[in-house]
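What follows is calculated from the coordinates using simple rules that are stated; it is not laboratory data. Just so it is clear, the model here is predicted, and its values are computed rather than measured. Backbone-built Cβ (ideal geometry, glycine too); neighbour counts: all protein chains shown.
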Amino acid sequence: MSLMGQMMQMPLLISSLLTHAARHNGDTEIVSKRVEGDIHRTTWGEVELRSRKLAQALARLGCEPGDRVGTLAWNGYRHLEIYYGVSGSGLVCHTINPRLFPQQVAWIINDAQDKVIFVDLNIFPLVEKLVPNLPCVKHVVLMCGRDDMPRDHSLPHLHCYEELVEAENGQYDWPTFDENTAASICYTSGTTGNPKGAVYSHRSSVLHAFASALPDAMCIKATDVILPVVPMFHVNAWGIPYSTALVGCKLVMPGHHLDGASLYELFESEKVTMSAGVPTIWLGLLNHVKANGLKFSTFKTTVIGGSACPPSMIRTFENDYGVEVVHAWGMTELSPIGTLGRLKSKHSHLPAEEKQKILEKQGKSVFGIDMRIVDGEGNPQPWNGVATGDLEVRGHWVISNYFNIDKSPLHDGWFPTGDVATIDADGYMQITDRSKDVIKSGGEWISSIELENVLMAHPAVHEAAAIAAHHPKWDERPMMVVVKKPGAEVTREELLAFYKGKIPTWQTPDDVVFVDELPHTATGKLYKLKLREMFKDHKLPTA
Ligand code: ADP
């Protein structure tokens, strides 16, 4: 007969991350650059108390376990209190990306049936317009003090955040419930079709927090000062609001001030050691420091993911600024962390250039995530770094179902990511493309990411996108759409010549066109669908 373990059964609850932070690191700071423009300082201890008060306030507004509470807000301490006050009390925190089209925001609120919406001051005009047509929304809470409340507005149930919190006494015990209860919902950005909701549980979120903080993952320590550039509405800021509570480190919240100059100022004034965000945001910061001859005094590591980080960006950070880049891959359906570029001990004696090559890949999986690549028939492909296949994953924080959609997204018990990848013998995964972005030239596949990475290393290129253009003979051929660096001069021919010796000749793009700006999605990724539309009638010189 099997012997059962004889250890305590304590459900993994999000509230426990915060109570731990408050009890053991209660005086550690949370610093926020507010929408109001000033710098605000609080602590984990204070955030825990105010989260309890917020939970009381939500109950007073009539919220019951399982009710969805939406947020349209930037990174800041109030948003952090909402994360914990909502999930901790058994409600479901639904973060919404304010950069989506208004009709998409409305669609998502309605799909999630949000009962309360919390909103930052500068996003209020959007909410004021949408809410009258959203019967599910019973209350709107403006995230500000009494003095900033608008005098003229048309909403019947508008509340002031600070008034709600101040009215409560904080005598509230975090409830205990099943760890599989829903804690939060994030929607995919839905570049094709409607957005889909991923519902995270308390268990999956806490396990994700444990794993993401590990040394071979994001390596978050109590001595770090972390500034998440990635917004709290983009897959819960990659779990940073949870993992920082778990380790009890200082957190710096940039609000909506994400331009290079504002970020640099905050990195320096708050002695930030670590950050995380998508590649596009770092282009802005790097341009700013370069143009002004600046250096970072405390910034040591940044996690870059969400789309492929160009190797040239990794080099610039490391060689010019002494900042280590950890390349990470993940997605909304994975809470989001899947793999990270970290070395193994057997790599320690390799020359720098070879180490760099390994670190350019999207990396190896963290414990809790298993992966495989399969061909069109679903047959697993070898891990040899050459064979490509559709990337599939499974694990403790991978979705099994989308919210409100009956049909399971799983294939044979695995979640198909929609990415095409290779995996090498050491388990390092490399994304070649999203399957819908692959360029198919005469039956052969060309990786758009590889073509982009080459041009991103050219000194005159600010940003480059590779898309498929129609070709009468090859069906599709690659073309590059390029934004030059301010003041830089470069020709189409020079950029095409730049590919020589870097990729097989047949993969060299057929054309380069220059634009002033590339379209991005609401999460800051290249908007390939839009680009393909823009260039659908483009005539290649080779056609
Ligand atoms: P969406 O943009 O659809 O909301 P996510 O933010 O969840 O979704 O994006 C997930 C996708 O982003 C992945 O499937 C992958 O295509 C892409 N992605 C994320 N990280 C990387 C990376 N490091 N390299 C290449 N692609 C990445």
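At a glance:
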{"quantity": "Cross-link reach list, lysines versus K221, counting only Cα pairs under 26 Å and skipping chain neighbours closer than eight places", "calculated": "K33, K250, K271, K295, K300, K344, K346, K355, K361, K364"}
{"quantity": "Between region 41-100 and region 260-326, the alpha-carbon center distance in angstrom", "calculated": "30"}
{"quantity": "Phi to ³J(HN,Hα) by Karplus 6.51 cos²θ - 1.76 cosθ + 1.60 over region 50-67, Hz, x for Gly, Pro", "calculated": "5, 5, 5, 5, 5, 4, 4, 5, 5, 5, 5, 6, x, 6, 10, x, x, 5"}
{"quantity": "Contact order relative to length of the chain, as percent, for alpha carbon pairs under 8 angstrom and 6 or more apart", "calculated": "10"}
{"quantity": "Region 439-534 - share of DSSP beta bridges that are antiparallel (%, nearest 5)", "calculated": "80"}
{"quantity": "In Hz, Karplus ³J(HN,Hα) per residue of region 473-484 (6.51, -1.76, 1.60; θ = phi - 60°; x = Gly, Pro)", "calculated": "8, 9, 6, 10, 9, x, 10, 10, 10, 10, 10, 7"}
{"quantity": "Value of D in µm² per second that Stokes-Einstein yields for the chain, Kirkwood Rh from Cα pairs, at 10 °C (1.306 mPa s)", "calculated": "65"}
{"quantity": "Reciprocal mean inverse distance between Cα atoms of region 155-261 - Kirkwood radius, Å", "calculated": "16.7"}
{"quantity": "Value of relative contact order over region 19-106, rounded to a whole percent, pairs C-alpha under 8 Å and six or more apart", "calculated": "26"}
{"quantity": "Total lysine pairs under 24 Å (Cα atoms) in region 439-534, excluding pairs fewer than 8 apart on one chain", "calculated": "19"}
{"quantity": "Kirkwood hydrodynamic radius of region 439-534, from inverse mean 1/r over distinct Cα pairs, in Å", "calculated": "13.6"}
{"quantity": "Mean Cβ neighbour count within 10 Å, used as a protection proxy, ranking 214-226, 66-78 highest first", "calculated": "66-78, 214-226"}
{"quantity": "Region 439-534: relative contact order as a whole-number percent, Cα under 8 Å and 6+ apart", "calculated": "27"}
{"quantity": "Interchain or long-range residues, amide H under 5 Å from C144's placed H", "calculated": "Y161, E162"}
{"quantity": "Descending principal axes extents, region 212-307, alpha-carbon based, whole Å", "calculated": "37, 26, 24"}
{"quantity": "Set of aspartates and glutamates near K290 by C-alpha distance (under 20 Å), chain-local residues within fewer than 8 positions excluded", "calculated": "D259, E265, E268, E318, D320, E324, E463, E489"}
{"quantity": "Table column - 3J(HN,Hα) (Hz), region 256-266, Karplus curve with 6.51, -1.76, 1.60, x for Gly and Pro", "calculated": "9, 8, 10, 6, x, 5, 5, 5, 4, 4, 5"}
{"quantity": "Estimated [θ] at 222 nm from DSSP helical runs (n ≥ 4, -39500 (n - 2.57)) normalised by residues in the chain, nearest 500", "calculated": "-8000 deg cm²/dmol"}
{"quantity": "Antiparallel bridge percentage (DSSP; both residues within the chain; nearest 5)", "calculated": "55"}
{"quantity": "Sites S435 and N169, calculated FRET efficiency, Cβ-Cβ separation with R0 56 Å, nearest 0.05", "calculated": "0.55"}
